[in-house]
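The values are calculated or read from the model by the stated rules, or taken from the named source; none is laboratory data. The model shown is predicted, which means the values in this text are computed figures rather than measured ones. Here Cβ is always computed from backbone atoms with ideal geometry, including for glycine, and neighbour counts include all displayed protein chains. The accessibility values were calculated without ligands, DNA or RNA, using every heavy atom of the protein model including side chains. Shrake-Rupley method; radii C 1.70, N 1.55, O 1.52, S 1.80 Å.
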Amino acid sequence: MQNDGGISRSRFLTGAATVGAAVAAGALAGAGPAGAAGTARRGAPVPVPAGTGVRRGPAYRGVCYEVGDGEGPATAWHAARMRRDLRRIRHELHANSVSVYGTGVERLAATAAEAAERGLHVWLQPRLGDVPERDILDHLAETGRRAERLRRQGARVYLSVGCEFVLFVPGIVPGADAVERVENILKGNYDPQRMVRKTRRFIGLAAKTGRAVFRGPLTYGAAHDDDVDWSLFDLVSVNYYGYHGSADGYVKDLTPHTRWGKPVAITECGSCTYEGAPQDGGMGWYGSIDYTKDPPEITGGLKRSEGTQAAYLSDVFDVFESMNLHAALVYQFVSPELPHRPDSPRHDLDMASYGLTKAVRKRPDDPESPWHWEPKESFRALARRFERAERGPAAR
């Protein structure tokens, strides 16, 4: 198996308000969407016309599913577990789409193929980070070739060339890994103009690499306020963790993404599992766990609340449906490295998880213990919503 080469996405999320503001503060803030209409490509998704009054909601509804080395054998990718998970994602969550992301071309391809076999639409996104640019692009190219093979076999598959490069590609901002980079951004230890310039350059390289090997719809997983030239892609894809007290606030946030005249997809959204987590958005994980303790402990007196997570997702999905967005996928399915401890709230690391399910270890204090997942309230709430959407407008 290929080494992940850096921190797992499960242990790191960027806050849109933090990184987006940093990008916006750089040059290009006033640049318009040159070539916004782009060129229609064969097989590219068609956007739902705005203002039609048709309320069918996202065409693709689902969840993000990570493949990778994990933090040890117990949390690493396993084919049998993956197959069980995808079966339940399709038939219990009632998802019709899944974002397969992570590292290791064989893992990515096997998971995507299994998802397609189960009738799921697939977003395939390699996320190799913290290694030289050439390695990241080579990993993308090989993943894209596998995606093209699946597409030619009849699978419904999109290729995403990566995720929030500003944090995962070395050299754009200072830092040895994603955590150090976000800390440097928070402290202002970076050059905003250089960051924007280098990010746009690498997005261009990734788009070119993806186009060379994949003939289906292409996109990129951007933070909400990233300045991306979407003329390079077939879809506008946004990782959205915003919080507002009303639907109008979300609509105001998301409407600018529609100006490109392309389908808009929410490729990540979600909340941690504690009271007040939606207000913390994509930074809910930050500082929530004290890893200097053994075992690690929850900090700040956080109070578990599955209901808070479920209510937030219900609210934002109401908005996604009202805007007729192309897709909405929740980050994420499960975080096995953040186990639930019902017997010890201080050690209930699942509070800092964005998962729709909670990992429960057979031996709570043993990181290598066998574990299983159980659905949270958010899983059940979305399952009901997805099932209604599957049955059609009459069921809503």
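Comparison of Val23, Val46 shows that the only residue that is open to solvent by 70 Å² or more (accessible area, probe 1.4 Å), of a type in the set (Val, Ile, Thr) and modelled with pLDDT under 95 is Val46.
Filtering Glu321, Glu390, Glu377, Glu337 for residues that are under 30 Å from Glu71 (Cα atoms), out of contact with any Ser or Thr (no Cβ under 7 Å at 6 or more places or on another chain) and among the acidic types (Asp, Glu) leaves a single hit, Glu377.
For segment 61-82, name all the residues that are farther than 23 Å from Asp366 by Cβ and open to solvent by less than 20 Å² (accessible area, probe 1.4 Å). Passing the criteria: Gly62, Val63, Cys64, Tyr65, Val67. Scanning segment 149-175 for residues that are open to solvent by 30 Å² or more (accessible area, probe 1.4 Å) and in contact with a Pro (Cβ under 8 Å, 6 or more places away or on another chain) turns up just one, Pro170.
One residue stands out among those in segment 223-232 that are in contact with a strand residue (DSSP E or B) (Cβ under 6 Å, 6 or more places away or on another chain) and in contact (Cβ under 8 Å) with a residue 40 or more places away in the chain: the one that is surrounded by the fewest Cβ atoms within 10 Å (Cβ to Cβ), which is Trp230.
Residue check: Val238 meets all listed conditions (1) at pLDDT 95 or above; (2) more than 24 Å from Val63 (Cα to Cα); (3) among the hydrophobic types (A, V, I, L, M, F, W, C) but one, namely (2). The residues in segment 276-326 that are acidic (Asp, Glu) and touching a helix residue (DSSP H, G or I) at 6+ places or on another chain (Cβ under 7 Å) can be counted, and the count is 3. Screening segment 67-184 for strands (runs of 3 or more DSSP E) wholly inside it with 2 or more residues that are without any contact (Cβ under 8 Å) to a residue 60 or more places away in the chain returns the ranges 121-126, 157-163. The set of residues from segment 350-378 being part of a helix (DSSP H, G or I) and either surrounded by fewer than 17 Cβ atoms within 10 Å (Cβ to Cβ) or touching a strand residue (DSSP E or B) at 6+ places or on another chain (Cβ under 6 Å) (or both) comprises Asp350, Met351, Ala352. Close Cβ contacts (under 7 Å, 6 or more residues apart or on different chains) running from residues in segment 375-396 that are under 16 Å from Thr357 (Cβ atoms) and polar (S, T, N, Q) to residues that are modelled with pLDDT of 95 or more and open to solvent by less than 30 Å² (accessible area, probe 1.4 Å) comprise Ser378/Glu306; Ser378/Gln309; Ser378/Ala310; Ser378/Leu313; Ser378/Leu356.
Pairing each residue of segment 311-330 that is closer than 16 Å to Thr273 by Cα with any residue that is among the hydroxyl-bearing types (Ser, Thr, Tyr), provided the two are 6+ apart or on different chains, yields C-beta distances under 6 Å for Tyr312/Ser271; Leu313/Ser378.
For segment 234-252, does any single residue satisfy the condition of being within 21 Å of Pro174 (Cα to Cα), of a type in the set (Asp, Glu) and surrounded by fewer than 24 Cβ atoms within 10 Å (Cβ to Cβ)? Within segment 234-252 (the criterion being within 21 Å of Pro174 (Cα to Cα), of a type in the set (Asp, Glu) and surrounded by fewer than 24 Cβ atoms within 10 Å (Cβ to Cβ)), the answer is no, since none of the residues qualifies. Number of residues in segment 234-289 that are in a helix (DSSP H, G or I), over 19 Å from the mean Cα position of the chain (by Cα) and within 26 Å of Thr219 (Cβ to Cβ) equals 9. Restricting attention to segment 185-220, the residues that are open to solvent by 30 Å² or more (accessible area, probe 1.4 Å), outside any helix (DSSP H, G or I) and among the small types (Gly, Ala, Ser) add up to 1. Has segment 306-323 got at least one residue that is of a type outside the set (A, V, I, L, M, F, W, C), open to solvent by 10 Å² or more (accessible area, probe 1.4 Å) and part of a loop (DSSP other than H, G, I, E, B)? So far as segment 306-323 goes, no, none of its residues is of a type outside the set (A, V, I, L, M, F, W, C), open to solvent by 10 Å² or more (accessible area, probe 1.4 Å) and part of a loop (DSSP other than H, G, I, E, B). Screening the candidates Thr292, Thr199, Thr209 for the property of being over 22 Å from Trp123 (Cβ atoms) and among the β-branched types (Val, Ile, Thr) yields one hit, Thr292.
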